[in-house]
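Visitor: One structure is given below, represented as structure tokens, and several questions about it will come after.
The values are calculated or read from the model by the stated rules, or taken from the named source; none is laboratory data. Just so you know, these numbers come straight off a predicted model, no measurement behind them. As a convention, Cβ positions derive from the backbone with ideal geometry for all residues, glycine included, and neighbour counts pool all protein chains shown.
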Amino acid sequence: MVYEISPWALTWDDENYYMIGYDPLGKAIKHYRVDKMIKLDVMRCSREGRELFARFDLVSYSQKVFGMFGGEEEEIRIICKNDLVGVMIDRFGKDVCMRPVDEESFAVSVKVHVSQQFFGWLFALGNKVKIESPERVVKQFENQIRAVLECYK
């Protein structure tokens, strides 16, 4: 497959480098794993996407994308046990919005790219987390869990 991308940033995630650039056909910011790139050509034309990258926040982008797998960006509200405060700060940064729910738990509202990797991250936290909203993401997660369970029947 051939891609024409205007490169803007290089980042490291989960033991891999990713080039982040602007895709003029899709008119969107996308990322590509550097070690999987082959047959590269450097084109002598103007780089595109300057207006998007003027507002681009690499840290925020990296926090939303799990394992650099894309998905639809959603605002997610998750209920977490109190001992996961550090986990949420490590993943989403010190400015993450957390509100007490009761004496044992808190709610966190974050923007993420909903993907199987995001669901995998949540699943690894076990019964200490629960997606509260939006309902369509709750249903997606439930369907993912059912699909995995089917493999064991």
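Visitor: Take the stretch 80-102 and flag every residue that is outside any strand (DSSP E or B), within 16 Å of LYS128 (Cα to Cα) and in contact (Cβ under 8 Å) with a residue 12 or more places away in the chain.
Guide: ASN82, ASP83, LEU84, VAL85, VAL87, MET88, ARG91, VAL101
Visitor: Of the residues that sit in the stretch 113-152 and are touching a strand residue (DSSP E or B) at 6+ places or on another chain (Cβ under 6 Å) and at pLDDT below 90, which one is nearest to LYS30 (Cα to Cα)?
Guide: This residue is HIS113.
Visitor: Then there's this: Only residues that are modelled with pLDDT of 80 or more and among the aromatic types (Phe, Trp, Tyr): list them for the stretch 1-31, please.
Guide: Taking the stretch 1-31 as the starting set, the residues that turn out to be modelled with pLDDT of 80 or more are 3-11, 17-30.
Listed by number, the residues that qualify are TYR3, TRP8, TYR17, TYR18, TYR22.
Visitor: List the pairs whose first member sits in the stretch 122-141 and is in the same structural domain as ILE76 (by TED's automatic domain parsing), whose second member is outside any loop (DSSP other than H, G, I, E, B) and among the charged types (D, E, K, R), and whose Cβ atoms are under 6 Å apart, counting only residues at least 6 apart or on separate chains?
Guide: Going by the 6 Å Cβ cut-off, the qualifying pairs are LYS128/LYS81; GLU132/ARG77; SER133/ARG77; VAL137/GLU74.
Visitor: Take ASP23 and decide whether it is farther than 19 Å from GLN117 by Cα and outside the structural domain of LYS94 (by TED's automatic domain parsing).
Guide: Judged against the criteria, ASP23 is a match.
Visitor: Does the stretch 8-20 contain at least one residue that is of a type in the set (Phe, Trp, Tyr), within 18 Å of the chain's Cα centre (by Cα) and crowded, with 16+ Cβ neighbours inside 10 Å?
Guide: Among the residues of the stretch 8-20, at least one is of a type in the set (Phe, Trp, Tyr), within 18 Å of the chain's Cα centre (by Cα) and crowded, with 16+ Cβ neighbours inside 10 Å, which makes the answer yes.
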